[in-house]
1. Once fully extended, how much extra length lies between GLU188 and GLU56, figured as 0.36 nm per residue of separation less the alpha-carbon to alpha-carbon distance?
2. Please say if the stretch 4-117 is rounded, prolate or oblate, where rounded means a/c under 1.5 for a ≥ b ≥ c the square roots of the C-alpha gyration tensor eigenvalues, and otherwise the choice is prolate for a/b larger than b/c and oblate otherwise?
3. What is the set of long-range amide H partners of ILE379 at a cut-off below 5 Å, with H atoms built 1.01 Å from backbone N?
4. Select from the stretch 225-292 those trypsin sites (Lys or Arg not before Pro) which occupy a DSSP coil region and have at most 16 other Cβ atoms within 10 Å, ordered by residue number.
5. Sum up the charges of everything whose Cβ sits under 13 Å from the Cβ of PHE286, counting Lys and Arg as +1 and Asp and Glu as -1, but leave PHE286 out.
6. I'd like to compare 294-303, 107-116: which one has the highest average count of other Cβ atoms within 10 Å, and what's the full order after that?
7. How much length is gained on full extension from ARG79 to THR65, taking 0.36 nm per residue of separation minus their Cα-Cα distance?
8. Please list, by residue number, every one of the chymotrypsin sites (Phe, Trp or Tyr not before Pro) in the stretch 249-307 that is coil in DSSP and has at most 14 other beta-carbon atoms within 10 Å.
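Here, each number is a calculation from the coordinates, and none is a lab measurement. No experiment lies behind these values; they were computed from the predicted model shown. Quick reminder, even Gly has a Cβ in these numbers, built from the backbone with ideal geometry, and neighbours come from all protein chains shown.
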Amino acid sequence: MDRIESISARKILDSRGNPTVEVEVRGGKGVGRAAAPGGASRGKHEVIAFPPGGVEVSIRLLEETVRPALVGEELDFKRVDTVLRELDGTSNFAKIGGNLAVAISMATAKASASSRGLPLFRCLGEGVVCIPFPLGNVLGGGAHAGRNAPDIQEFLIIPVGAKKFIDAAFANARVHRRVREYLEFEDERFSGGKGDEGAWAPNLDNSKALEVVVRACEEISGEVGFQIRPGLDVAASELYDERRGKYVYSREGVTRDGGEQVDYVVDLIRTYKLFYVEDPLHQEDFKGFSELTSKVGDRCLVCGDDLFVTNVDRIRRGVEEGAANAVIVKPNQVGTLSGTSAAIGLAKRNGWLPVMSHRSGETTDETISHLAVGWGCPIIKTGVVGGERIAKLNELIRIEEELGEKAGMAKLQNI
Ligand code: PGA
Ligand code: ZN
């Protein structure tokens, strides 16, 4: 077994210009580099990204306590994760920061793969390799966009009929372009502004925005010859006013209580034939999620992000309560690759669909592409355009090419 010879960290920029951490690990004949992303609509139950004082404090702790403990250890992310959890000593990485932890974990896995002369996706231990479908954001609002944009955070598309990843990725890009054309038509003052993930941020309400996206999906589906379906990330915790117990749609001047919110989302799913809905209810509302899933779970993926935060205890509770049929997987919500893999395994064993995901503040790190392939996530949510988004998409194009004849798109459940 190779051993860790050196480990270092630096402060780098994320796509919003905020500081984040990048880690380099060396061992055996290999070197691995990985960076952690940052969220804008973070779940309350996620691990802490950085301790008070920010990235500099994480880096100082790496130098003072983490590095001495890890140099000489096995070059194996599982072992490293155990040491990190012991060193940190809290349940949520409050001391060293989950972003430092996850960057070390990912850099270790990449260094180990590099030492073996293999791409990371081949070293994750699952025999079956399949390519995920790209789920991407073409229009957005909420916490990811400026004034006057829709209240709903993300209007998503997924090319469910694609036979190859490269065709899927380009189909999404075509929809993104067509959506812009429609927006220019709908609003002569549309300036071409985009939100944090490269999705257009127009001055439209939710239903008008959905109509535009659905029409673009239908048209491009006809042109490319396979089906592209719409979806949403409501990011409902961002709309929820705890004090009033209501969802506040400020652009539309409407409030909805929990029951009205369920009815509203059911109506959107039925009217627009949505394939996917993420965070339709706020992050504590397991009951509302269960109600919605029992109503529409046979025709739509109901996915929890802030509800589950890639945490096995919360996913287990969700499974017991029938709260969803899909789960967002963000490695930095849990702080380790071991935790990430456990969340995916638990979801799959219970017939849930794991969706590997980027964050709104990203870097050009492409690790999640390998995790999605190697751990068999049938969907990857990683935007459509923009350097930090295409870093993941282009890596999947390379992986598909490398797999050649053996490459096959994942199976989506019977939605
Ligand atoms: P983030 O969330 O801004 O916290 O990355 C994106 C999402 O809600 O999926
Ligand atoms: Zn989300």
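1. Net length gain for the segment: 43.0 nm.
2. Working: a/c = 1.80, a/b = 1.43, b/c = 1.25.
Prolate, since a/c reaches 1.5 and a/b exceeds b/c.
3. PHE133, MET356
4. Within the stretch 225-292, the qualifying trypsin sites (Lys or Arg not before Pro) (loop, at most 16 other Cβ atoms within 10 Å) are ARG243, ARG244, LYS273.
5. Working: positive: LYS287, ARG314, ARG316, ARG317; negative: ASP279, GLU284, ASP285, GLU291, ASP306, ASP313, GLU320, GLU321.
For residues surrounding PHE286, the net value is -4.
6. Details: 294-303: 20.1, 107-116: 24.2.
For the peptides 294-303, 107-116, the packing ranking is 107-116, 294-303.
7. Result: 3.4 nm gained on full extension.
8. Here no loop site has a sparse enough neighbourhood.
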